[in-house]
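Contents: one structure, followed by commentary.
The values are calculated or read from the model by the stated rules, or taken from the named source; none is laboratory data. Keep in mind it's a predicted model, so treat the numbers as computed, not measured. Note: ideal-geometry Cβ built from the backbone for every residue, glycine included; neighbour counts use all protein chains shown.
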Amino acid sequence: MDRRKFIKYAGLASGSLALAGVSAGSFMAGRSKDSYTGWGRTPYGKDQFFNRVPFLVEKPTYQVAGKPERITYIENIFRRNAELYRLLINRHPEGLKWDKSQGIEGLPEPLKTYYTNHPSAFKEFFRAREKSKKQRANWEKYKDKYHLAEAWSRAHSSFLRGPAPFPVEPTGPPEEADYKGVNPNPLPLKSSEHGSKLIKKIAHSFGATLTGIAKIKKEWVYQGTLRGVGQVDFEVPKHWKYAVMIAIPHEWESFYTNPVYGTSYDAYSLLRFISGKLEVFIKEIGYSARSHVPPGQYDLVMPPLGIDAGLGELGRNGILITPELGGNTRLAAVSTDMPLLEDKPIDAGINKFCKKCKICADECPSGSISFDDAPKHVIRGFKRWEIDQDKCYTVWNSVATSHAKGCRICLAVCPYSRKNNWIHTFAREADSRDPTGLTSKAMLEMQKNLFDYPGANEYLPPPDGNNKTFGKPPDWLLTEEWFDI
Ligand code: SF4
Ligand code: SF4
């Protein structure tokens, strides 16, 4: 770097350091719910817009370390656990039988091979079940205290219990299902550029905070099961050309009070509606469409597609971190053959920041997040920080409001997961441009000194911890504020 540039960057960094001393109040105000997260600047300046243009890069920021491979459904913890659970309770859809006494040896494929290669995951499944049983029995003890949080979560997950979940699940092969309801007389689209602009506008009008477009590479398509068809190995359908990626945050106040007052389902339910409506819209204008939505209705892997679509980078905690929403980024997608232009990925220094930060690893109650300085773990041809999904799942089952809501501490504590104000806007913009590393150092010091981190075990119920939350619960989730308990 030449001297002039260095002085400029050093000035910027020392400016950040000076600001650090006087801005604690504003920094804390980043937790305020009164700021707006949106796509583009708002006239009143309280938005969470991040200008990606200076950070566009030619190659995605995940590290290719071998031959990219498709993920089989059995590598997804929820699908794997669901499969094992169905066998355990003797409700396998294909009538397969298995008894726990038969062990890994007696399991049908592909579970048998998976657990033979990952025996600790098999053990962890039963450990999680034990925790879950214990916590369900403990629920009596907590149900009054978390009465409101429970009602709030159940309201959000109710869409799963209805007679017709939305969006409607595909039936039949994609070549049929994705074309059901497609307008047979579409108008000619002016260009792919028009298509991209239009679809992003529409996605925002339906409630998406961020949208981006990625080409669907075959390594981002699950193998071994296909919605609408069943368990089958399949070639990626030719009409799965683009993924329109949609991102939204959780409600911020409850998000900060994970694990016990938060839920995944507030964001999940909204994503399902946004994605479902986008699917209908795309079909209405004449193209195939299929929603890929939480909690498990995916044929595509979300985080790498989010990276390809320029939404953000993969964090140490294994999730997509975006400059606007940080770890408070939940994803869905609509795959389509509509003519679109793919977005470029970004490198806004998030991955670099993760190398120093490690806050999520410090706070994780299961010790699932790697402390390695740089990613070392190679999975399906890509290098990333290792996450022990099975231990993580056990903590989901261990927290006081475990039965439906999970943990999400690593999302809430992430320094990128902050509501906007001038200092957060400054930090995002300055750190992404500061090659000296001084800004990130200052920001990290501020994070560690100005925010209270209870410590990994404290989030767990007694005797291991004290049901602590990262932030202070909002009064609307405090049962004791509204009910006599
Ligand atoms: S969700 Fe909780 S247990 Fe799982 S990795 Fe994050 S902090 Fe750890
Ligand atoms: S908490 Fe720190 S290390 Fe973890 S994902 Fe966020 S920035 Fe990266």
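Of all the criteria given as (1) within 16 Å of ligand 1 (Cβ to nearest atom); (2) buried (at least 21 other Cβ atoms within 10 Å of the Cβ), the one not satisfied by D464 is (2). Is it the case, given these coordinates, that G318 is within 16 Å of ligand 1 (Cβ to nearest atom) and not acidic (D, E)? Yes. Taken together, the residues in segment 387-421 that are more than 17 Å from T469 (Cα to Cα), at pLDDT 90 or above and of a type in the set (D, E, K, R) amount to 3. Could you please let me know if L325 is of a type outside the set (F, W, Y), closer than 26 Å to E429 by Cβ, buried (at least 22 other Cβ atoms within 10 Å of the Cβ) and within 16 Å of ligand 1 (Cβ to nearest atom)? No; evaluated as a whole, the condition is false for this residue. Got at least one residue in segment 254-266 being within 19 Å of A151 (Cα to Cα) and in contact with an Asp or Glu (Cβ under 8 Å, 6 or more places away or on another chain)? Yes: segment 254-266 contains one or more residues that are within 19 Å of A151 (Cα to Cα) and in contact with an Asp or Glu (Cβ under 8 Å, 6 or more places away or on another chain). Looking at L305, L311, L278, L270, just one residue is in contact (Cβ under 8 Å) with a residue 60 or more places away in the chain and assigned to a loop (DSSP other than H, G, I, E, B), and that residue is L311. The criterion of at least 3 residues that are modelled with pLDDT of 50 or more is met by the following helices (runs of 4 or more DSSP H) wholly inside segment 1-118: 77-88, 111-117. So which residues in segment 433-454 are out of contact with any helix residue (DSSP H, G or I) (no Cβ under 7 Å at 6 or more places or on another chain) and assigned to a loop (DSSP other than H, G, I, E, B), if there are any at all? Passing the criteria: G437, F451, D452, P454.
Here is a yes/no grid of residues against (1) among the basic types (K, R); (2) in contact with a Ser or Thr (Cβ under 7 Å, 6 or more places away or on another chain); (3) at pLDDT below 90:
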position	(1), (2), (3)
H156	no, yes, yes
G162	no, no, yes
G172	no, no, no
D178	no, yes, no
V182	no, yes, no
K197	yes, no, no
S205	no, no, yes
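Of all residues in segment 365-388, those being farther than 12 Å from C354 by Cα and not aliphatic (A, V, I, L, M) number 12.
Within segment 277-290, not a single residue is farther than 21 Å from A309 by Cβ, aromatic (F, W, Y) and at pLDDT below 95. Contact map, segment 348-368: residues that are within 14 Å of G326 (Cα to Cα) paired with residues that are modelled with pLDDT of 95 or more and of a type in the set (K, R), Cβ distance under 8 Å, separation 6+ or inter-chain. Pairs shown: C354/R316; C357/R316; C360/R316.
Is it the case that S402 is surrounded by 23 or more Cβ atoms within 10 Å (Cβ to Cβ), more than 9 Å from ligand 1 (Cβ to nearest atom), touching a residue at least 40 places away in the same chain (Cβ under 8 Å) and closer than 19 Å to E124 by Cβ? In short, yes.
When segment 176-209 is filtered for residues that are among the hydroxyl-bearing types (S, T, Y), over 15 Å from I282 (Cβ atoms) and under 25 Å from the mean Cα position of the chain (by Cα), only T209 remains.
All but one of (1) in a loop (DSSP other than H, G, I, E, B); (2) among the β-branched types (V, I, T); (3) within 16 Å of ligand 2 (Cβ to nearest atom) hold for I485; which doesn't? That leaves (3) as the condition not met.
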